[in-house]
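Let me begin by presenting the structure, written as structure tokens, before commenting on it.
The values are calculated or read from the model by the stated rules, or taken from the named source; none is laboratory data. All values derive from a computational prediction rather than experimental measurement. Backbone-built Cβ (ideal geometry, glycine too); neighbour counts: all protein chains shown. Just the protein is used for accessible areas: all its heavy atoms, side chains included, with ligands, DNA and RNA removed. Shrake-Rupley method; radii C 1.70, N 1.55, O 1.52, S 1.80 Å.
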Amino acid sequence: MGAIRIVASPDGPQLLIRSGSSERTLPALWLRPRSYDETQRDAVTGQRLVNPHRLPEDLKLIAARWSGALLHLSFSDGFSGLYDPAELADGVTLTDGCPPPRPWRSEEKPDPRYDWIALQDEEILHRALKDFIELGFVLVDSTPTERESILQIARHFGYVRDTNFGPYFEVYSRPFAIDLAYRPVALGPHTDNPYRAPVPGIQLLQCLQNETDGGLSTLADSMAVAEQVRGENPQGFALLASVPLRFEYRDADTQLVSIKPMIELDGHGNMVGVHYSPRLEDIPLMSESDTRLYQRARSRMGELFSDPRYELRFRLMPGQMMMFDNNRVLHGRTAFDPAQGHRQLQGCYIDRDGVRSRFLVLERRHGRGVQSPFDRAAKVAPS
Ligand SMILES: O=C(O)CCC(=O)C(=O)O
């Protein structure tokens with residue numbers, strides 16, 4: 001977004017902002033609530049003291065002039081105040097300030113790898129969080145492997161999410177286990193717990209022991225795969241993003257059910273995430289032709305998730321931990337033979353927002369990134 005200019009119109013002054021080769025109008029109802037005047041916002045929290053829902057629908061800008069580098073604006077409801085053009089320009093695009101995702105294929109050999117001790121340094125943590133936000137996963141070497149240390153590791157990145165499995169879970173083969181993850185079978189690419197609302201945002205899986213030849217870990221980026229499927233079969237993709245599936249988990253004390261489409265899009269059609277766990281889902285009744293179209297699309301998704309061009313496959317060694325966005329990067333493992341030795345992982349979930357918050361705070365602390373409107377507003381003298 002570019003420069004703002006004031007133009008006269010028969011209805012009074014208007015503010016225009018450059019956007020690429022065209023200009024967009026900033027409506028009075030959009031501008032008016034963005035004031036950081038002390039009568040409009042609490043000075044400590046930056047939270048709004050007035051309710052913009054109550055502004056009159058026919059609100060108008062009645063005067064506009066430059067006051068140094070700031071804009072002085074007056075509105076038809078009697079309010080006048082100073083506005084920072086940079087803050088207005090930032091507000092044109094709604095973003096949390098984190099970098100956008102960078103979809104990857106395994107053939108690009110992404111290897112965002114960090115050392116646990118080094119991650120205690122804020123600069124290195126900042127770099128790791130940036131990688132995580134862009135790629136949807138990081139690998140961490142030399143993590144502490146005491147019982148429950150996964151929680152200490154998790155709290156370095158965000159806030160732990162408790163579930164019916166407890167604050168953390170242990171993955172090792174046991175007879176009559178309540179989930180296939182706790183048997184030695186192969187687990188195809190999947191996201192965890194699509195039957196929850198909300199679905200856990202981020203998963204940490206740490207290897208404590210692996211004495212078997214098998215049990216290799218896999219990761220695949222659903223964003224790269226889904227974009228490929230969208231290009232090949234737009235109609236099928238649209239079904240995957242709109243037809244709700246039913247996911248369920250049950251044991252003696254729990255019954256969790258959630259109904260949602262496999263692919264989650266935002267209002268602009270951008271991918272937000274994926275809920276993919278063939279062993280836990282049921283499709284709804286559709287017409288014969290839609291069922292076939294749906295089948296073609298989901299079968300292509302499944303094929304690409306396990307395609308060596310998309311799937312990373314590696315051995316997680318004791319002390320190594322992978323942290324991945326559970327709504328974006330699918331994980332799985334190859335089968336293993338418990339007769340060869342013991343294989344044990346511990347894992348837990350953290351929320352997506354905690355990691356983004358930690359990244360943004362580190363950006364702010366080190367003077368990088370977009371300044372918050374509130375920080376900027378501190379520079380704007382009350383009118
Ligand atoms: O055993 C593994 O490597 C992965 C286990 C798993 O996929 C899970 O717990 O969801």
By residue number, the members of the range 268-297 that are among the aromatic types (Phe, Trp, Tyr) and in contact (Cβ under 8 Å) with a residue 60 or more places away in the chain are 276
So, first residue on the phi > 0 side of the Ramachandran plot in the range 129-154, second residue assigned to a strand (DSSP E or B) and surrounded by fewer than 21 Cβ atoms within 10 Å (Cβ to Cβ), Cβ within less than 8 Å, six or more apart or across chains; the pairs are 142/115
Among residues of the range 185-218 being in contact with a Phe, Trp or Tyr (Cβ under 8 Å, 6 or more places away or on another chain) and open to solvent by 40 Å² or more (accessible area, probe 1.4 Å), the residue nearest to residue 281 (Cα to Cα) is 188
Screening 24, 41, 65, 32 for residues that are touching an Asp or Glu at 6+ places or on another chain (Cβ under 8 Å) and among the basic types (Lys, Arg) leaves only 32
The number of residues in the range 212-247 that are in contact with a strand residue (DSSP E or B) (Cβ under 7 Å, 6 or more places away or on another chain), more than 18 Å from residue 105 (Cβ to Cβ) and within 16 Å of the ligand (Cβ to nearest atom) is 4
With the condition kept exactly as written, say whether any residue in the range 332-342 is within 16 Å of the ligand (Cβ to nearest atom), buried (at least 20 other Cβ atoms within 10 Å of the Cβ) and either among the aliphatic types (A, V, I, L, M) or modelled with pLDDT of 95 or more (or both). yes
| Quick check, is residue 279 over 22 Å from the mean Cα position of the chain (by Cα), buried (at least 20 other Cβ atoms within 10 Å of the Cβ), among the basic types (Lys, Arg) and within 16 Å of the ligand (Cβ to nearest atom)? | no
When residue 361 is run through (1) buried (at least 22 other Cβ atoms within 10 Å of the Cβ); (2) not in a strand (DSSP E or B), the failure sits at (1)
Can you find even one residue in the range 263-272 that is farther than 27 Å from residue 346 by Cα, in contact with a Leu (Cβ under 7 Å, 6 or more places away or on another chain) and open to solvent by 60 Å² or more (accessible area, probe 1.4 Å)? no
**Request:** State whether the residues of the range 101-123 include one that is under 20 Å from the mean Cα position of the chain (by Cα), under 23 Å from residue 366 (Cβ atoms), at pLDDT 95 or above and among the hydrophobic types (A, V, I, L, M, F, W, C).
**Result:** no
*Out of curiosity, is residue 124 touching a Phe, Trp or Tyr at 6+ places or on another chain (Cβ under 8 Å), within 16 Å of the ligand (Cβ to nearest atom) and part of a helix (DSSP H, G or I)?*
no
Taking the range 202-259 and keeping only residues that are closer than 29 Å to residue 314 by Cα and of a type in the set (Val, Ile, Thr), one is left with 202, 212, 218, 225, 229
In the range 58-98, residues that are part of a strand (DSSP E or B), charged (D, E, K, R) and open to solvent by less than 20 Å² (accessible area, probe 1.4 Å) total 0
Across the range 245-263, the tally of residues that are aliphatic (A, V, I, L, M) and not in a strand (DSSP E or B) stands at 2
Every listed condition ((1) over 30 Å from residue 110 (Cα atoms); (2) open to solvent by 60 Å² or more (accessible area, probe 1.4 Å); (3) free of Cβ contacts under 8 Å to residues at least 24 places away in the same chain) holds for residue 257 save (3)
Scanning the range 167-188 for residues that are without any contact (Cβ under 8 Å) to a residue 40 or more places away in the chain and part of a helix (DSSP H, G or I), the one farthest from the ligand (Cβ to nearest atom) turns out to be 182
Going through the range 131-141 in order, the residues found to be part of a helix (DSSP H, G or I) and within 12 Å of the chain's Cα centre (by Cα) are 132, 133, 134, 135
How many residues of the range 142-155 are within 15 Å of residue 345 (Cβ to Cβ) and not in a helix (DSSP H, G or I)? The answer is 6
Within the range 293-328, residues buried (at least 18 other Cβ atoms within 10 Å of the Cβ), more than 12 Å from the ligand (Cβ to nearest atom) and not basic (Lys, Arg) come out as 293, 294, 297, 301, 304, 305, 310, 311, 312, 323, 325, 327
